[in-house]
Every structure is written in C-alpha cells, then in structure tokens.
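Read through the structure below, which is laid out as structure tokens, and then see the notes.
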Amino acid sequence: MDSLDEGVDAAVVRAEIRRYERRARLRNVVRRVVVFAAFVIALSLLYSGYKAVGQSIDDAQRDWPVIGSVMPATNDLIMPPISAILSEFDDPPQRRNAKTLGQFIFEASLFTAREAFFGFVAGIVLGLSLAILMLRSRTIERGLMPYVVVSQTVPLVAIAPIIVIWGQTNFGWLPFTWNAWMSVSIIATYLTFFPVAVNGLKGLQSPSAESIELMDSYAASRTQTLLKLRFPASVPYLFAALKLAASASIVGAIVGEISSGVGGGIGRLILDFASRYTTGPERLYASVAGAAVLGIVVFGLISIAERYALRGRAQENPVV
Amino acid sequence: MSTSAPVSVAVEARAASKIFSRGKPNQVVALESINLSVRQGGFVALIGPSGCGKSTLLRLMAGLVPATEGEIFVNGKAADQARRDRDYGMAFQSASLFDWRTVTRNIELPLELLGWSKDQRSKRSAEMLDLVQLSDFGDHYPNQLSGGMQQRVAIARALSFKPSILLMDEPFGALDEMTREHMQAELLRIWEDTQTSVVFVTHSIPEAVFLAQRVIVMSPRPGRIVADIDVDLGPRGFGTREDPEFFNKITEVREALRAVEVP
Ligand SMILES: Nc1ncnc2c1ncn2[C@@H]1O[C@H](COP(=O)(O)OP(=O)(O)O)[C@@H](O)[C@H]1O
Ligand SMILES: [Mg+2]
C-alpha cells in the first residue's frame with residue numbers, strides 16, 4: 001500500500017497498471033481472432049485437400065473405391081469447391097431479381113435472428129421465473145426439475161409443427177396480431193429456457209452460508225436478498241447458460257422454420273436450396289455458412305456482454 | 001417470560017442452550033446453559049476449542065438462530081428484535097465481500113438495504129474508508145485487495161450503519177501473523193473511536209488477551225462457560241505484547257482451556 005519509492009506517485013503506478021491491463025486485454029482479443037481465423041482456414045484446407053485427393057484418385061484409378069463409396073465423393077455436385085461457394089454469394093439466385101444470394105442470406109439471417117431474439121428473451125424470462133420458483137422451495141424444485149429435464153428429451157421436430165398449428169389460432173385477446181414467425185420464437189424459447197432454469201437455479205443457490213447470514217443480519221427481506229445477493233451471484237452462471245441458450249435459440253428457430261415451413265428465414269432458405277440441390281449445390285453450402293456465421297455472431301455478442309458484466313470479478317468460471 | 005435486561009448491558013444470555021436436530025438421532029447439544037453479560041462499550045473475547053459452540057453462541061446473540069432454551073437480550077430486547085432493529089454488525093472469517101461490487105459499494109450495501117439516499121451513502125462510505133484507512137481503494141474490486149485489506153472492508157461494512165454492537169467470528173483467522181497483529185491494533189483503534197461493543201470469537205489465546213477486556217473460556221462440546229478472565233492491560237500498544245502481565249494472562253487463559261480439555 002505504501003508506495004515503493006517516495007518519488008513514485010501511487011496514481012502513476014496505478015495508471016501504468018491499467019495501461020498494462022488494457023494491452024493484455026487487447027492481446028487476448030487479437031489472439032482469439034487469430035485462433036478463430038486459423039481454425040476456419042484449417043477447415044477450408046481440410047475440405048479442399050480431401051477434395052483434391054479424391055479428385056486425383058478418382059481420375060487416376062477408378063478401381064480403388066474408397067472415396068465415393070465408404071467416404072463421401074468429391075465431385076463438384078457433392079463437394080462444390082470453396083471458391084465456387086464464395087463466388088455464389090455474389091450471384092443473384094433468382095432470374096428476374098438482381099438481389100444477390102449474399103443479400104438473400106443476410107436478410108433471412110436477420111429474420112431468423114429476430115425470431116431467435118424474441119424466443120431467447122422469453123426463454124430467459126421463463127427460465128429465471130422457474131429458477132426463482134424452484135429456489136423458493138425444495139418441494140417445488142423436486143417436483144418441477146424432472147419435467148424441465150424431460151421437456152428437452154422431446155424431439156424438436158415433433159413439437160415444432162404442433163406449435164405452429166396452435167399458432168394459427170386467431171388469438172383475439174392479444175394486443176397484436178399473431179404472426180407465424182412468433183410460433184417459431186416459441187420453439188426457440190423451448191430450447192432456451194432449459195439451460196437458463198438449470199444454471200440460474202445453481203447460481204441463485206451459489207452464495208455461501210455466510211453471505212446469506214450477512215443479509216439476514218441486516219434483516220434483509222427475501223426480495224432484497226434475491227436482488228442484492230442471489231441474482232448478482234448467479235450472473236456468471238447465467239452467462240454460461242446464455243452462451244448455450246443463444247446458440248440453442250438460433251438452432252431452435254432454424255429447426256422450427258424447417259419443420260413448420262414458416263418462410264422468410266434462413267431455415268426456409270436452407271430447405272429451398274436443399275430441394276433444388278442439383279441445380280446449385282453451392283447455394284445450400286452458402287446458406288449453411290450464413291447460419292453458422294449467425295450463430296458465431298450471437299455467441300460473440302454474448303461473450304462480449306459477459307466480459308463487461310463480469311469485469312472486476314474473480315477470474316474463475318463457474319462449472320456448468 | 002422474564003423482564004428484559006437493563007439497557008446499559010449490550011448483550012445478555014440467560015441460561016441459554018442450543019440443541020440442533022433435537023430428538024433426532026443426529027441431535028447435537030451445542031451450548032448448555034450459557035449465562036453471560038457484556039456491558040455497553042465492552043470488548044469481550046470468546047475462546048474455546050474448535051466445535052465448542054463459539055459460532056453458535058455468536059449466532060444466537062445475532063438473532064440468526066433461536067435459543068432452544070433460555071433467553072438472549074441485546075440492548076434490552078430479544079435478540080431477534082435487535083436484529084430487526086439493525087442493532088449490530090457482523091464480520092466473519094471469510095470477509096464475505098460481494099465480488100461484483102467495488103469496495104465502496106460493498107461498504108454501502110447495508111445502507112442500501114436501509115434505504116439511504118445516494119448522497120448519504122457516499123458520504124458515509126467515504127468516512128468509513130477513512131476509518132479503515134483505505135481511502136485510495138474505494139473503486140477497487142475485492143479480488144484486487146489483500147486478505148487484510150478485505151477484512152478491513154468487511155469491518156467498515158459492518159460498522160457503516162453505526163450499529164451499537166459488533167459481532168466478529170474469527171475475522172483474522174485466515175490472515176498471516178504480521179497482518180493479524182496489525183489488524184488487531186487497527187480494530188482496537190476503531191473500537192476506541194466508535195465506542196461499539198464488541199464480541200470477538202477467536203481460537204488464538206494471544207489474540208484474545210491482546211484485544212479483550214474480558215476473555216470468556218468455553219469447554220468442548222457441549223459448550224459451557226468455564227472461566228471469565230478480566231484482562232487489565234490498559235491501553236494496548238507496541239509494548240503490550242512484551243508486558244509480563246500479557247504473558248501472565250496468556251498463561252491463565254491457557255490453563256483454563258487445558259483444565260477442560262478432553263484427554
Ligand atoms: N446448523 C447446524 N446444524 C447442526 N449442527 C450444528 C449446526 N451448526 C453447528 N452445529 C454443531 O454445533 C457444534 C458447535 O459448532 P460451532 O458453533 O460452529 O463451533 P465453533 O465455532 O466453536 O467451532 C458443532 O458440533 C457443530 O457441528
Ligand atoms: Mg466457528
């Protein structure tokens with residue numbers, strides 16, 4: 001606490017430390033980006049390498065049937081070259097429409113992101129409500145938790161059409177008109193609330209007995225203990241869940257679109273291009289890549305929010 | 001029910017007992033018939049072997065757990081009422097700071113619960129930071145502080161709303177010897193500044209003798225009070241730890257503890 005040297009001002013030392021920390025953070029970000037880029041490049045090389053090997057064998061010796069029989073074939077229909085996939089983004093997929101495939105995918109991604117976002121938010125609200133309910137009593141926890149777990153074992157493709165059919169009801173009591181995409185949001189909610197409920201409960205129960213006693217010693221109400229202690233203590237647990245939930249909400253939205261036929265999103269786009277695969281395999285690959293980018297962006301956004309929300313806390317990450 | 005204790009007494013236990021899981025196979029008699037009275041402004045240390053019920057007695061005084069038999073009065077009220085009146089602050093062995101709050105906001109936690117305005121809160125937390133000599137660290141997070149500094153924050157938090165009684169459960173137990181002695185001196189300075197009554201649980205004999213005006217010695221489970229030793233060393237200072245009377249008191253406490261040790 002005492003400065004090491006009379007001549008060194010503590011404020012100067014602290015500013016120096018802050019500068020060092022900022023540099024370390026920046027290095028960390030750069031490292032993550034480099035690692036990710038390297039991963040993408042490695043994957044592309046693997047893809048192109050396999051294709052190249054398969055093509056040369058295919059051309060040279062047709063009597064060595066490994067690639068194409070026990071391994072996927074490498075012709076341009078089954079494995080379009082990466083260059084063709086990339087250049088496809090710039091091509092308009094419809095004859096009388098100048099819009100490029102990239103624009104189509106971008107717009108579809110936004111549509112799906114909207115579905116996923118509302119589903120995600122609703123999932124957080126539902127998950128947290130369940131967690132708080134289960135926190136209130138052991139009996140409720142024991143009664144409810146099995147159903148929460150079982151809910152996730154029902155295949156999504158089975159319930160998605162049901163939810164969409166229910167969504168065709170004219171919900172007159174709603175202050176807004178119900179759209180088909182909102183049904184897809186509900187499917188996303190179905191995947192989102194689970195990690196939030198499970199991890200949220202774990203986080204709400206995480207404060208030490210001493211911290212709880214401390215709140216009791218201030219005669220804090222249950223709500224105060226929830227808001228000032230349990231909820232903030234659960235934030236690291238919640239972020240671990242939100243990272244899962246965000247990806248899950250995208251997956252839920254895409255699967256929801258595919259299995260229900262709701263149009264406008266990336267799931268529907270994938271469905272369309274899959275049905276017309278032979279006339280343009282690159283389009284399917286491109287739209288799958290678009291879906292992957294959407295997932296990565298969402299994951300990245302949550303990670304950034306996490307860093308901001310957990311600044312100053314001890315570094316350990318809670319185990320999910 | 002009997003009458004309440006006179007107000008000049010900070011804490012009074014009358015034939016207080018605590019039995020956990022009463023009537024079940026895992027029943028534990030933690031405390032047996034404790035009679036104790038701590039005067040207002042006094043500094044009392046509770047010492048005894050591990051598991052003898054020191055923490056339980058402190059929690060009884062704090063109104064956190066009810067006595068099975070007997071009564072506890074704090075400032076002339078039932079302990080639970082005193083808790084609701086926010087008559088005391090507490091400090092534990094782990095500082096139990098909230099790691100998502102800065103030092104300042106940790107100190108302000110009880111004030112928030114009491115509904116103080118932002119201005120009042122920052123005024124008081126600045127005072128408290130000054131009291132524990134951490135004015136430069138208000139914006140730091142707990143994990144940026146040493147163990148001793150964290151305990152000082154915990155003390156500042158416990159005293160922020162000026163409770164009349166400070167209950168401490170081995171607050172310096174996790175600190176190294178040097179820091180510990182420094183913190184003991186700090187605590188005495190704060191005690192003199194604030195005139196708070198202190199009940200201090202420890203299992204260190206020198207710590208009890210150095211800090212307290214009275215050392216209460218407890219027996220192994222079930223915890224009973226076996227000695228009540230007055231320590232009259234005058235104002236503590238650097239010389240105190242070398243004072244022959246300091247050693248005499250240490251010996252006296254040690255012998256009281258040894259007398260009740262189970263072989
Ligand atoms: N909540 C509880 N339930 C059951 N037994 C307890 C509980 N709290 C403490 N005990 C028991 O009471 C005894 C005294 O504990 P404690 O007051 O923590 O001792 P000390 O602080 O002196 O080490 C111990 O045997 C402990 O196991
Ligand atoms: Mg204890």
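The values are calculated or read from the model by the stated rules, or taken from the named source; none is laboratory data. Everything numeric here is computed off the predicted structure, so don't read it as measured data. Glycine also receives a Cβ, built like all others from the backbone with ideal geometry; neighbour counts cover every protein chain displayed. Just the protein is used for accessible areas: all its heavy atoms, side chains included, with ligands, DNA and RNA removed. Shrake-Rupley method; radii C 1.70, N 1.55, O 1.52, S 1.80 Å.
Things worth noting here:
- When each of the peptides B:115-126, A:186-197 is scored by how many other beta carbons lie within 10 Å of its residues on average, the order from highest to lowest is A:186-197, B:115-126.
- Cα shape, region A:128-242, gyration tensor, a/c 1.5 rule: prolate
- Annotation note: trypsin sites (Lys or Arg not before Pro) in region B:1-79 located in DSSP loop regions with a Cβ neighbour count of at most 11 within 10 Å are B:22.
- Our helix-only sum for chain B, with -39,500 (n - 2.57) per DSSP H run of n ≥ 4 divided by its residues, gives a mean residue ellipticity at 222 nm of -11000 deg cm²/dmol.
- Peptide-level mean, for B:14-21, of C-beta atoms on other protein chains within 10 Å: 0
- With a 10 Å cut-off around each Cβ of B:109-115, the average count of Cβ atoms from other chains is 4.
- The contact between chain B and chain A removes approximately 2400 Å² from the accessible area (both sides summed; 1.4 Å probe; ligands, DNA and RNA excluded).
- Sorted peptide list for A:202-214, B:146-158, A:133-145, A:80-92, criterion being average Cβ within 10 angstrom, highest first: B:146-158, A:202-214, A:80-92, A:133-145
- Comparing A:275, A:185, A:234 in a Gaussian network model of chain A (Cα springs below 10 Å), the most mobile by mean-square fluctuation is A:275.
- Partner shielding of B:90-99 amounts to 5, given as the average count of beta-carbon atoms from other chains within 10 Å of each residue beta-carbon.
- Residue with peak Gaussian network fluctuation, chain B [Cα springs, cutoff 10 Å], from B:223, B:48, B:173: B:173
- Expected 222 nm ellipticity per residue - DSSP helices of 4 or more, -39500 (n - 2.57), all of chain A, to 500: -24500 deg cm²/dmol
- Region B:149-205 versus region A:263-286: alpha-carbon centroid distance in Å: 69
- Coarse-grained scattering of the protein assembly as shown at q = 0.05, 0.07, 0.09 Å⁻¹, given as base-10 log I(q)/I(0) from a Debye sum over alpha-carbon atoms: -0.37, -0.63, -0.86
- Distance (nanometres) between label positions extended 7 Å along Cα→Cβ at residue A:129 and residue A:27: 4.8
- In chain A the Cα-Cα distances spread across 10 Å bins starting at 0 as 5, 18, 23, 23, 16, 9, 4, 1, 0 percent of all pairs.
- Estimated inter-spin distance, residue A:310 and residue A:147, nm [label 7 Å along Cα→Cβ]: 3.2
- Value of Rg/Rh across region B:58-174 [Cα atoms, Kirkwood radius]: 1.00
- By DSSP, the beta bridges lying fully in the protein assembly as shown are antiparallel in about 50 percent of cases.
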